[in-house]
Amino acid sequence: MPPRRTMVFGLPAASVVALLLCATGADAQAPAAGVYRCGSSYSDAPCPGGTAVSADDPRSAAQLQQAQEVKRRETALADRLRAERRAREQAAAGQRAAGIGPIAADAAKPAASKPQRKTKKLTLKAKKSGPKPKTKTAPGA
C-alpha cells in the first residue's frame, strides 16, 4: 500500500506550501517600483501633482535581525497569554456572575431565619364586632 498523501485544494500539501513560499518570497524580494505622495495619501502609481518618495529601509542587517527577534518574542508571549486566558475562561465556564440574581444558598435557608412581619391577631370577639373606632387626641395632651 503506497503512503497516503495529504491533499489541499486537490494538490499535494508539499506543492501548495512550495507555491505559497514562492508567491510570498517574490513579493518580499521585489523592490518597490516607486512610491508617490499624492496629497495626503501614498500610491505606487504616479499621480498629477504627486512627488516621488524614497521607500528604502534604512535599517542595518543587525537592526533587522533585532527586529525579527523582538517579533518572535512578542509572538511567543502573545501565544502564552492567549493560552492562559483560554485556561481561565475554561475554568470559569461553570461559574455564575457575582451579585446577579438570587443566590442559591440564600434561597435554601429556612424560613425561620427571615424576619417576620408583625401582624395583629384578632380574637373571635373582635372579628365579630368589627374594627375599633379610632379616636383623635389633641397634640400635647
Requested in this report: Amide H neighbours of Tyr42 under 5 Å, at least 5 residues apart or on other chains, H built in the peptide plane: list them.
Outcome: none
Query - Residue-span extension gain [Ser43 to Ala55] - 0.36 nm each, minus C-alpha spacing - result: 3.2 nm
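Every number here is computed from the coordinates shown, using simple stated rules; none is lab data. Treat the numbers as computed from the prediction; the structure is a model and nothing was measured.
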